[in-house]
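Report on the following structure.
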Ligand SMILES: [Zn+2]
C-alpha cells in the first residue's frame, strides 16, 4: 500500500479534458531514495466528473542522472517529463506548489509544449503508404507516438472515432475492421460509393 505520508508534497495541477474542462486535481508528492526519484500522483475528480473519472493514485519512478542536482532541478525535469507524456490527453495547469512559483511552472510548461511540438513535427515525417492514403481521403492522420510509428486517423465509416495505423496495418476496434493497404482502399471506395 502506497502512503502519501512517506512522500513530500510539492505540486498541485488541474487536469483538463478534451474540451478544456477542468476535470479534477492532481496532487504530486516526491521521495528521493538511493539514486531514484519516486513521484506519487493523487488524482481527484471534481464534483461533476466523479461518475466518469475515478480517483486514482500512481507512482512514477525516474533514475537520477546527476547526483549534484538540486531538488528543484530534479523535480523540474520530472515536471517536463510528466507534462510531455500526458499532453496527448490533457494539459495540466498550475494550481499551487510548495516549491515552484506560478511563473516557474509556466516556464517548465512552455518548455514541455515546445518539446512536444518538435516531437510531433519529427513524427509527422515518418509517413507510410497507409498514412498517405488517409491524407488523400482527408481522414486527418496524426502520429500518436514520438517517432511516428503509430498513427491514428478518422474512421472511414464517418463515425466519431479513430482507426489505429501501424507500419503496414490498420484497424478499427469499433467497426471490427482491419487489414493492410488493399483492405483500406476497398473500404474507402465502398464508403465513397454510398455517398454518391
Ligand atoms: Zn470505425
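Could you check which residue among 114, 183, 15 shows the biggest mean-square fluctuation in a GNM of the chain with a 10 Å Cα cutoff? So, out of 114, 183, 15, the one fluctuating most is 183.
Return the calculated 222 nm mean residue ellipticity for the chain, to the nearest 500 deg cm²/dmol, obtained by summing -39500 (n - 2.57) across DSSP H runs with n ≥ 4 and dividing by the residue count. -10500 deg cm²/dmol, from helical runs alone.
In the elastic network of the chain, a GNM with C-alpha springs shorter than 10 Å, the most mobile of 159, 76, 46 is 159.
In this label model, residue 103 and residue 138 are separated by 4.7 nm, measuring between points 7 Å along each Cα→Cβ vector.
Note on the chain: GNM, Cα springs under 10 Å; of 30, 137, 91, the largest mean-square fluctuation is that of 137. Full extension of the chain between residue 192 and residue 53 yields a length gain of 46.2 nm, computed as 0.36 nm times the residue separation minus the alpha carbon distance.
What's the FRET efficiency of residue 168 with residue 66 using the Cβ-Cβ distance as r and R₀ = 45 Å, to the nearest 0.05?
Numbers: r = 41 Å, r/R0 = 0.92.
The pair residue 168/residue 66 has a calculated efficiency of 0.60.
Laboratory data are not the source of any read-out in this text; all were calculated from the coordinates shown. It should be emphasised that the depicted structure is a prediction, and the values quoted were computed from it without experimental measurement. Virtual Cβ from ideal backbone geometry, glycine too; neighbours counted across all protein chains shown.
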